[in-house]
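Pasting a structure here, questions to come.
The values are calculated or read from the model by the stated rules, or taken from the named source; none is laboratory data. Bear in mind that the values here come from a model prediction, so they are computed numbers and not experimental data. Every residue, glycine as well, gets a Cβ built from its backbone with ideal geometry; the counts of neighbours run over all protein chains shown. The protein model used for the area step is the full one, side chains on, heavy atoms only, and it has no ligands, DNA or RNA in it. Shrake-Rupley method; radii C 1.70, N 1.55, O 1.52, S 1.80 Å.
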Amino acid sequence: AGPDQDERLDVVVGFAPVEGVHDAVRDAGMPAVAITSGGELEKRCERDSIPVCKIPGGMPPRSAIAYSFFPLLCTLDAMGIAQVEDAEFTEAREALTDLCAGYGPDSPENEAAELAHRLEGKLPFVYSCGGIFDAVARRWSCQINENGKSLAHFATFSELNHNEIVGWKALESMR
């Protein structure tokens, strides 16, 4: 069973057509907010008096994490669910600004770009030692696939100690 109606807030984040989600939230009479770059979701929310946090558009969802996360965090803070200190928020914003500058395409010390250039034309295998690092290995592999338009593979210990090792034996017959 989910939370009672008076304990629930629906947040609709629009990067794909989510009009059906908006309609379901509206029809249920639940309190809601929307995070969107505009479009049909913004129009429907304005029509139905649902608060909208407008974020910049023209980027894929994976590039807009901060634009989605911080409005949600501020909403939760305003509701008393999360506590966000202004000094911490400012520190986080400044740290992210500095990191973005360091990882920008024009930064001479961009280690991510350097690694990407070294991996060009290669098939990277990303291995994880388990736990939360499984998600990191998978994400790296997916980022190389999608953003680098290249093949990449990932596996995790202890599973690769059996399944993948058995598969590697077949490599000799493929040469």
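Using a 1.4 Å probe, what is the accessible area per residue for the chain, in Å²?
Accessible surface, normalised per residue, equals 71 Å².
Once the Cα atoms of helix 65-78 and of the chain are each reduced to a long axis, what angle between those two axes, in degrees from 0 to 90 to the nearest 10, is obtained?
40
Let me ask something additional. To the nearest 10 Å², what's LYS122's accessible area with a 1.4 Å probe?
Near enough 120 Å² of accessible area.
Note the angle between two axes, namely the Cα long axis of helix 19-28 and the longest principal axis of the Cα atoms of the chain, as a number of degrees from 0 to 90, rounded to the nearest 10.
So the helix axis and the longest Cα principal axis differ by about 40 degrees.
Here's a follow-up. Is the shape of region 79-154 best called rounded, prolate or oblate, per the rule: a/c under 1.5 gives rounded, else a/b larger than b/c gives prolate, else oblate, with a ≥ b ≥ c the square roots of the Cα gyration tensor eigenvalues?
Cα axes put region 79-154 in the oblate bin.
Nearest 0.05, what FRET efficiency do HIS153 and ALA113 give at R0 = 22 Å with Cβ-Cβ as r?
0.50
Further question: Report, to the nearest 10°, how far helix 86-102 tilts away from the longest principal axis of the Cα atoms in the chain, using its own Cα long axis and a range of 0 to 90°.
Result, in degrees: 40.
What percentage of the solvent-accessible surface of the chain, computed with a 1.4 Å probe over protein heavy atoms, is contributed by carbon and sulfur atoms?
That fraction is 57 percent.
At 0.36 nm per residue, and after removing the present C-alpha to C-alpha distance, how many nm does the segment from ILE81 to PHE69 gain when stretched out fully?
Additional length available on full extension: 2.8 nm.
So, one more: At a Cα cut-off below 25 Å, give the lysines reachable from LYS43, other chains included and same-chain residues fewer than 8 away excluded.
LYS54
Setting aside same-chain residues fewer than 8 positions from LYS122, which lysines have a Cα under 19 Å from its Cα?
Within the straight-line limit of under 19 Å, LYS122 reaches these lysines: LYS149.
May I have the convex hull volume per residue, in Å³, for the Cα set of the chain?
Once divided by residue count, the hull of the chain is 202 Å³.
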